[in-house]
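To start, the structure itself, in structure tokens.
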Ligand code: KIV
Ligand code: ZN
């Protein structure tokens with residue numbers, strides 16, 4: 001019999017802890033809607049105590065999401081749990097996820113608490129969370145480096161206190177599959193009432209084993225996996241949802257369990273997360289990389305043509321690769337545009353935003369013959385960020401790049417509605433445009449990353465540019481899309497400057 005494996009997606013919480021991946025409320029809602037469409041069981045929407053903005057984003061998601069449980073993270077203290085409880089209150093199905101570290105190094109050096117104090121705090125946290133919802137999850141942070149006997153005591157106590165899901169995290173990505181599977185097996189065997197709860201695993205990818213460790217935990221009895229789209233997450237990231245889901249589906253014979261994920265939504269979700277966070281997907285990434293189903297070698301091509309299963313263990317269309325259908329064209333009207341946005345789960349903030357997006361769609365349709373779903377996602381990104389201050393806006397630009405000459409750029413942009421002109425030279429057209437902007441804006445920010453990706457194929461495709469800027473300890477990602485990659489670059493630079501200017505401050509859950 002196939003058992004159910006619950007998918008707990010933490011793209012909007014642990015994923016958001018990647019440098020510069022901070023999202024606005026609207027961006028988070030767009031991703032949450034897509035996660036609901038994908039069929040994830042639990043959406044960890046954020047960490048309510050991190051900032052008022054985080055709490056508001058969780059509340060908004062809780063108001064809109066109907067078929068997935070909406071969850072907030074909370075440290076094991078009263079303030080965090082009350083903030084989480086208030087934020088998830090509007091949800092049809094709400095969960096509070098509370099955690100405290102249980103390893104000697106974390107208890108002594110970070111928390112400065114004794115094991116007994118930690119245990120007491122964990123129990124109190126679960127009891128308080130249960131006053132808000134029956135669906136309470138407890139995590140023993142750094143379980144990987146925790147003493148097994150102590151872990152058993154903590155899990156036994158939180159189960160008695162009312163936790164329904166108990167999560168075993170490899171917070172630092174230290175484990176290896178054989179040990180992680182064994183740890184899960186031992187916990188389930190030793191903790192009294194283990195059969196009354198769902199055992200969960202949460203793995204980080206520091207040694208590149210997050211997915212393998214999560215799957216080993218499933219073999220050991222875990223029935224919830226915590227993961228993120230594209231494996232997004234701080235440092236080397238979290239276990240990637242798409243790999244976990246496709247592994248258990250493709251090898252149901254081995255795992256004996258399955259998820260309720262609609263796998264055809266995997267690629268669209270991956271692309272949306274990549275567009276919004278500015279984290280590109282490497283071409284050879286399993287399942288969602290551009291080359292994941294491409295066969296280059298003649299022998300493979302020949303085999304696949306004769307019988308697909310000679311070299312393919314999954315079908316590209318089953319994970320949504322043909323979902324980038326031709327969407328709209330030059331002659332499509334406003335209604336068709338609006339209907340398509342609704343189909344993609346995109347909700348714009350009022351008629352004005354819709355009109356602006358439609359005007360940009362028409363402009364794009366003039367430049368690009370075929371417009372795909374991904375083009376629309378990129379196109380509306382600017383329009384949906386209503387809660388982000390847009391101080392800088394591109395008005396017009398010109399770049400001159402000629403062999404043997406130094407490239408130069410003139411950029412006209414609005415600074416809080418006041419038009420300014422900037423000129424600069426550089427080693428290439430993008431460098432010249434950025435130098436021009438900086439000569440006027442003088443942001444003093446460091447450019448950490450500049451990357452260009454084509455949204456769809458072909459030379460008329462939109463280029464999607466990510467610019468990562470750092471200033472005074474803050475890191476932000478800006479995105480811009482255009483058929484002209486220098487224009488896309490300037491848009492991305494201005495977007496990053498706007499984010500720096502928005503000063504979205506947030507606390508880190510582990511601190
Ligand atoms: O990595 C971790 O331990 C976490 C916990 C908060 C579950 O993210
Ligand atoms: Zn984590």
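Scanning segment 290-311 for residues that are touching a helix residue (DSSP H, G or I) at 6+ places or on another chain (Cβ under 6 Å) and modelled with pLDDT of 80 or more, we see that the one that is nearest to residue 271 (Cα to Cα) is 293. With the structure loaded, tell me whether residue 37 is within 26 Å of residue 374 (Cβ to Cβ), more than 13 Å from ligand 1 (Cβ to nearest atom) and in contact with a strand residue (DSSP E or B) (Cβ under 9 Å, 6 or more places away or on another chain) or whether it fails that test. So residue 37 does not fit the description; no. Only residues that are surrounded by 14 or more Cβ atoms within 10 Å (Cβ to Cβ), within 17 Å of residue 402 (Cβ to Cβ) and without any contact (Cβ under 8 Å) to a residue 24 or more places away in the chain were counted in segment 416-438, giving 4.
Would you confirm whether or not segment 314-322 contains a residue that is within 29 Å of the chain's Cα centre (by Cα), surrounded by fewer than 14 Cβ atoms within 10 Å (Cβ to Cβ) and closer than 30 Å to residue 61 by Cα? Yes, segment 314-322 contains a residue that is within 29 Å of the chain's Cα centre (by Cα), surrounded by fewer than 14 Cβ atoms within 10 Å (Cβ to Cβ) and closer than 30 Å to residue 61 by Cα. Applying a threshold of 9 Å to beta carbon distances and a minimum spacing of six or more residues, or different chains, the list of pairs starting in segment 284-295 at a residue that is in contact (Cβ under 8 Å) with a residue 60 or more places away in the chain and ending at one that is assigned to a loop (DSSP other than H, G, I, E, B) is empty.
Residue count for segment 220-238, restricted to those that are near ligand 2 (Cβ under 10 Å from one of its atoms), at negative phi and surrounded by fewer than 24 Cβ atoms within 10 Å (Cβ to Cβ): 1. Of all the criteria given as (1) within 15 Å of ligand 1 (Cβ to nearest atom); (2) more than 19 Å from the chain's Cα centre (by Cα); (3) under 25 Å from residue 39 (Cβ atoms); (4) outside any loop (DSSP other than H, G, I, E, B), the one not satisfied by residue 216 is (1). Filtering segment 188-205 to residues that are more than 30 Å from the chain's Cα centre (by Cα) and either within 16 Å of ligand 1 (Cβ to nearest atom) or farther than 23 Å from residue 259 by Cα (or both) leaves 189, 190, 191, 192, 193. Taken as a whole, the condition of being assigned to a loop (DSSP other than H, G, I, E, B) and in contact with a helix residue (DSSP H, G or I) (Cβ under 9 Å, 6 or more places away or on another chain) does not apply to residue 337.
Hey, could you check segment 1-26 for residues that are assigned to a helix (DSSP H, G or I) and within 16 Å of ligand 2 (Cβ to nearest atom) and say which is surrounded by the fewest Cβ atoms within 10 Å (Cβ to Cβ)? Result: 17. Could you check, for segment 27-42, whether at least one of its residues is within 16 Å of ligand 2 (Cβ to nearest atom), farther than 22 Å from residue 236 by Cα and modelled with pLDDT of 95 or more? Yes, segment 27-42 contains a residue that is within 16 Å of ligand 2 (Cβ to nearest atom), farther than 22 Å from residue 236 by Cα and modelled with pLDDT of 95 or more.
Quick one: how many residues across segment 400-415 are outside any strand (DSSP E or B) and surrounded by 15 or more Cβ atoms within 10 Å (Cβ to Cβ)? Can you show your working first?
Step one: of segment 400-415, the residues outside any strand (DSSP E or B) are 401-407.
Restricting the remaining residues to those that are surrounded by 15 or more Cβ atoms within 10 Å (Cβ to Cβ) gives 401, 407.
Total meeting the criteria: 2.
To keep it simple, each residue is scored yes or no on (1) over 20 Å from residue 21 (Cβ atoms); (2) in a helix (DSSP H, G or I); (3) within 16 Å of ligand 2 (Cβ to nearest atom).
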{"residue": "245", "(1), (2), (3)": "yes, yes, no"}
{"residue": "248", "(1), (2), (3)": "yes, yes, no"}
{"residue": "260", "(1), (2), (3)": "yes, no, no"}
{"residue": "267", "(1), (2), (3)": "no, yes, no"}
{"residue": "271", "(1), (2), (3)": "no, yes, no"}
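Applying the criterion of being within 11 Å of ligand 1 (Cβ to nearest atom) and not in a loop (DSSP other than H, G, I, E, B) to the residues of segment 226-241, the residue that is farthest from residue 203 (Cα to Cα) is 228. Here segment 198-212 is the region considered, the condition is being within 28 Å of residue 162 (Cβ to Cβ) and crowded, with 22+ Cβ neighbours inside 10 Å, and the residue that is farthest from ligand 2 (Cβ to nearest atom) is 199.
Here residue 265 fits the description: under 29 Å from residue 221 (Cβ atoms) and either crowded, with 18+ Cβ neighbours inside 10 Å or under 20 Å from the mean Cα position of the chain (by Cα) (or both). Among the residues here, residue 499 qualifies as crowded, with 21+ Cβ neighbours inside 10 Å and within 24 Å of the chain's Cα centre (by Cα).
If residue 504 passes every condition in (1) modelled with pLDDT of 85 or more; (2) closer than 30 Å to residue 76 by Cα but one, which one does it miss? Failing condition for residue 504: (1).
The values are calculated or read from the model by the stated rules, or taken from the named source; none is laboratory data. Since the model is a prediction, treat every value here as computed from it, not as a measurement. In this analysis, Cβ positions are derived from the backbone assuming ideal geometry, glycine residues included, and neighbour counts consider all displayed protein chains.
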